[in-house]
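> The structure follows.
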Amino acid sequence: MHCPRCRAETTTGSRFCVACGASLEGPPSGPASGRERTATMSAPASGLTTGEVFAGRYQVIEELGRGGMGRVYKVFDLKVQERIALKIISPEIEAEEHVLARFRLELKLARRVTHKNVCRVFDIGEAEGKAYITMEYCPGDTLRGILAKTGELSLKAAVEYARQIAEGLAEAHKLGIVHRDLKPGNLIVDENHLLRIMDFGIARPVGGRLQTGENVIVGTPEYMAPEQVDGTGLDARTDLYALGIIIYEMVTGRPPFEGDSTLALAYKHKNEAPRLPAAHNPLVPSVLNALILKCLEKDPAKRYQDAAAVLADLGRIAEGLASTGRSRPFGPRPKAPASSRPAGRARLILGGTAVLLGSVIGALLLTRKTSPPPSPEGAPGWSDRVAILPFEDEKPDRSEEIFFSGISEDLRTKFARATALTVISQASTLGYPDLEDDIGRLGRTLKARHVVKGRGRLENDRLFLAVSLGDAASGAWLREWSYENPGAEYLALEDRVVEDIARELRVPFSGENLREMAKGESASTEAHRDYSLGRYYAQRYEKNGQSEDFDRAEAAYTESLAHDAHYALAYCGLGDLYEARGVGGNDRTAFPVMMKHYERAYRENPLLPESLGGMGWRSVYQGELDRAASYYRDAYRLAPRNYRVTLGMGALLRTIGLYDKAKKYLGEAMLIEPIDENPAIQYAYCCAYLGEYDAALAVMADVLKLPEANERRWFYNARILLLAQKFEPVETWQAGLGDGTKLPPNLRKALHRCRILLSAWKGDRPTVVALSASADPPFAYEVTNAYCLVGLKKEALVKIREGIRDGFKVTLDYLYPYLYLARNPYFDVLRSEPEFLSILAEAKSDYEDLGKKYEGL
């Protein structure tokens, strides 16, 4: 038997021709019958109404949606007594005989796919002048709808959904079927998080002829592979390209390519490289970045060759995420937002009651062992972390030492922007000078798999640089590169170093991000070198508070601007420097100068993360928290792995009392600053103010073991112990201090406040009252807690009101926020007081308003 249309040989009893899809049960569908069908199918197609019985069999329950192919209804099949989905094909499509023929052919193919992650197709038919398809009814929301509500998903949820998609594709591809229009709108997720792929309705057999005609684009522009744009050469790898886009969107909240027209999108798919997913969401690990980018290769030969290979890699990534224990797959998603907080504002204000730091800690510190260092296998994110040691000047006089140190600092910033690697800060790499010759121990101590070191010299306006890459797991140096460049082109040379090392480590590299960074660099070599000198002395000033370092930093930044008056980074440096003086040196006259420099930096380059961060803190100091949030979001989007950016959001959220949100960013920053005490202390205070005392004290126990011990750490630890109502160890520590007259002024004030609370613990009300009269500030947390402990409830309420009103002006912190009021155990005696309930209600309202302003972080 032969098909009456294409004359292909057919099987006896078949209803449709496998080659062209023509019906074998009616008259030949030649030109005349085609015209007759067109006339019949052109009849207006109205929608179905609820309760209507269509085709004598399908009772309409409700309309589920409509799209380019037609309308979809949930119906009750009276014959089999089950709910199914019914799609009425639009009149424009059903009028084309060859389209219906293709649907018939591809229905035969799609019906072969029986898998839990694929929505089954049952039949195609015609009734009442309408063509229709019946399918399995899959309740739930589309992935498109989920993403519209939530933005990016948690990494575990995204990987789990990706695995389910890959499983469904693997089954379809095994049967020779390609979807060709895979997108979030064609993926249904039910309440049990089971995902099903829908609409294999435009699928075709692998290697088959394009049924819609030659050079016809089939698919959705945002998810089309380059070969799909050309309308040729589609196979299973085309679906894997779409899968890569879907995973990209799940982890970042946006597709890799966006455009105003189909043509613009088509051009980007064929010609532009996607940005690293980690550039939008810093939590995306390098292995997941690599998987996504491999799916998105322009050349199908460079992509995964089958869904099974994608599924295997997704399984390994899922195991890695599970080992972190961060969250359940479908728990609250990690959110990626915005900020920039220079290191100078990382001072603990002991004169106040809260921590205002420029460093942060992560949850990693809760399990970190300081002696002996953890093994590589025990270090989360070990393979994604690199430590860059300060580069050395080879000349005997070391006249360019700061210049080469500046190169290594530039490389840290560029690695963070152009790759998915986490780069250990200079402060931490300098913390273990005795380990520089033992990269194994150094890497394990800093939890960095790879170590980079360099040395160089400047001769006759030529720059000679040698860079070495080491593997801490094996303790061996892997490779060394030698470079020679004109000295004036050292910024371009830095870009080459980043690209070479990224290629050696086989991690994704974004030259686009480096080109964006270049917009913030000065064309003047002299300006950049003076900026590096200013940064060097500014870091010393932030650490030691020596006025001569402040003067040297200011002079270097000023000299840099003399070479280039539009150099935004130099203005940011001056802003940071004066902010450090204002906070660390308690010099309020520094803040107007700080704001002036931040404003100028922003005018010169409003897209520089450092400029945005400066404007964010300017907004905080002016009480404009809405604007601060906006600046921080933009900064974080531009540079999510930048230490100052990540730190800034954590510091901001902690400052305004959003401790629960602050911990996420503080945790990220700790991965970059693993041995700095300031991050750990800020994180510990967030835990303590949330009532998580064991976690806070575990962090402080590690802080006390860090190198370069100092007295400040013990005061911070004592204050958290007192908040946890652990009085005995504080009393023992205080007794060992003596009268404390030799302590610096800020520590003497802190010791005085600790004595007030210890006196309250002993029930000594007269001493509490006497010592509180000279407390600085008078509304400090220790004072109100002491009042509560000895029953001076009215006095405590007065101090709480004063702290709310004047706290920021005095301490540069918003005191007595809602979470502290709600979880402080000392305030249990106040919870039946009408005035406290009023204060608590006001604070809760403020907290909810802040939550809305910072929603999505």
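> May I ask you to say which residue of Gln725, Gln734 is over 18 Å from Ile681 (Cα atoms) and touching a residue at least 40 places away in the same chain (Cβ under 8 Å)? Talk me through it step by step, then tell me what you get.
Values: Gln734 fails: touching a residue at least 40 places away in the same chain (Cβ under 8 Å).
After applying the criteria, what remains is Gln725.
> Still on this structure, I have one more. Where the second residue is modelled with pLDDT under 95 and polar (S, T, N, Q) and the first is within 15 Å of Ser619 (Cβ to Cβ) and lies in segment 593-609, which pairs have Cβ atoms under 7 Å and are six or more apart or on separate chains?
Final answer for the pair search is Ala601/Ser611; Tyr602/Ser611.
> For segment 123-161, which positions are surrounded by fewer than 17 Cβ atoms within 10 Å (Cβ to Cβ), at negative phi and not β-branched (Val, Ile, Thr)?
Asp123, Gly125, Glu126, Ala127, Glu136, Pro139, Asp141, Arg144, Gly145, Ala148, Lys149
> Something else: Would you check which residues across segment 739-765 are without any contact (Cβ under 8 Å) to a residue 40 or more places away in the chain and either outside any helix (DSSP H, G or I) or over 22 Å from Lys726 (Cα atoms) (or both) and list them?
Residues of segment 739-765 that are without any contact (Cβ under 8 Å) to a residue 40 or more places away in the chain, as a first pass: 739-745, 748, 751-765.
Answer for segment 739-765, where residues must be without any contact (Cβ under 8 Å) to a residue 40 or more places away in the chain and either outside any helix (DSSP H, G or I) or over 22 Å from Lys726 (Cα atoms) (or both): Asp739, Gly740, Thr741, Lys742, Leu743, Pro744, Pro745, Lys762, Gly763, Asp764.
> Then there is this: Take segment 370-407 and flag every residue that is at pLDDT below 50, part of a loop (DSSP other than H, G, I, E, B) and surrounded by fewer than 18 Cβ atoms within 10 Å (Cβ to Cβ).
Correct list: Thr370, Ser371, Pro372, Pro374, Ser375.
> Could you list, ordered by first residue, the pairs with Cβ atoms under 9 Å in which the first is in segment 260-283 and among the acidic types (Asp, Glu) and the second is modelled with pLDDT under 75, at least 6 apart or interchain?
Once the first residue is among the acidic types (Asp, Glu) and sits in segment 260-283, its partners that are modelled with pLDDT under 75 give Glu272/Glu512.
> Looking at (1) among the acidic types (Asp, Glu); (2) over 30 Å from Phe257 (Cα atoms); (3) in contact with a Leu (Cβ under 9 Å, 6 or more places away or on another chain), which one does Glu521 not meet, given that it meets all the others?
Single failed check for Glu521: (2).
> Separate question: Are any of the residues in segment 546-562 within 15 Å of Leu608 (Cα to Cα) and surrounded by 21 or more Cβ atoms within 10 Å (Cβ to Cβ)?
Checking segment 546-562: not a single residue is within 15 Å of Leu608 (Cα to Cα) and surrounded by 21 or more Cβ atoms within 10 Å (Cβ to Cβ).
> Here is a list: Ser510, Ser524. Which entry is in contact (Cβ under 8 Å) with a residue 24 or more places away in the chain, outside the structural domain of Ala273 (by TED's automatic domain parsing), under 27 Å from Arg385 (Cβ atoms) and in contact with a helix residue (DSSP H, G or I) (Cβ under 8 Å, 6 or more places away or on another chain)?
It is Ser510.
> While we're on this one: Here are Gly650, Gly623: which of them is in a loop (DSSP other than H, G, I, E, B), under 22 Å from Leu815 (Cβ atoms) and touching a helix residue (DSSP H, G or I) at 6+ places or on another chain (Cβ under 9 Å)?
It is Gly623.
> Of these, Val790, Val810, Val829, which one is in the same structural domain as Pro745 (by TED's automatic domain parsing) and surrounded by fewer than 18 Cβ atoms within 10 Å (Cβ to Cβ)?
Val829 is the lone residue from the list that is in the same structural domain as Pro745 (by TED's automatic domain parsing) and surrounded by fewer than 18 Cβ atoms within 10 Å (Cβ to Cβ).
> Of the residues Arg748, Arg765, only one is at pLDDT 95 or above and of a type outside the set (Gly, Ala, Ser); which? Before the answer, list the steps.
Numbers: Arg748 fails: at pLDDT 95 or above.
Criteria check complete, one pass: Arg765.
> Of the conditions (1) of a type in the set (Lys, Arg); (2) buried (at least 24 other Cβ atoms within 10 Å of the Cβ); (3) in a loop (DSSP other than H, G, I, E, B), Lys705 clears all except one; give me its number.
Result: Lys705 fails condition (2) only.
> Another question about this same structure. Under 6 Å between Cβ atoms, which residue pairs at least 6 apart in sequence (or on different chains) link something in segment 102-114 that is under 17 Å from His173 (Cα atoms) and modelled with pLDDT of 70 or more with a partner that is part of a helix (DSSP H, G or I) and aliphatic (A, V, I, L, M)?
Once the first residue is under 17 Å from His173 (Cα atoms) and modelled with pLDDT of 70 or more and sits in segment 102-114, its partners that are part of a helix (DSSP H, G or I) and aliphatic (A, V, I, L, M) give Val113/Ala172.
> Can you name every residue in segment 115-151 that is of a type in the set (A, V, I, L, M, F, W, C) and either without any contact (Cβ under 8 Å) to a residue 60 or more places away in the chain or part of a loop (DSSP other than H, G, I, E, B) (or both)?
Cys119, Phe122, Ile124, Cys138, Ile146, Ala148
> Given the residues Tyr598, Tyr636, Tyr631, which is the only one that is surrounded by 24 or more Cβ atoms within 10 Å (Cβ to Cβ) and over 30 Å from Asp806 (Cβ atoms)? Can you show your working first?
Numbers: Tyr598 fails: over 30 Å from Asp806 (Cβ atoms); Tyr631 fails: over 30 Å from Asp806 (Cβ atoms).
After applying the criteria, what remains is Tyr636.
> Tally the residues that are at pLDDT 90 or above and either of a type in the set (A, V, I, L, M, F, W, C) or part of a loop (DSSP other than H, G, I, E, B) (or both), restricting the search to segment 53-66.
7
> Does Tyr578 count as crowded, with 23+ Cβ neighbours inside 10 Å and touching a Phe, Trp or Tyr at 6+ places or on another chain (Cβ under 9 Å)?
yes
> On to the next question. If you take just the helices (runs of 4 or more DSSP H) that sit entirely in segment 773-857, which of them hold at least 2 residues that are among the basic types (Lys, Arg) and in contact (Cβ under 8 Å) with a residue 12 or more places away in the chain?
By residue number, 793-811, 834-853.
> Hey, another quick one. Going through segment 152-173 one residue at a time, which ones are without any contact (Cβ under 8 Å) to a residue 60 or more places away in the chain and acidic (Asp, Glu)?
Residue satisfying the conditions is Glu171 alone.
The values are calculated or read from the model by the stated rules, or taken from the named source; none is laboratory data. Computed from a predicted structure; not experimentally measured. Cβ sites come from the backbone with ideal geometry, for glycine too, and all protein chains shown count toward neighbours.
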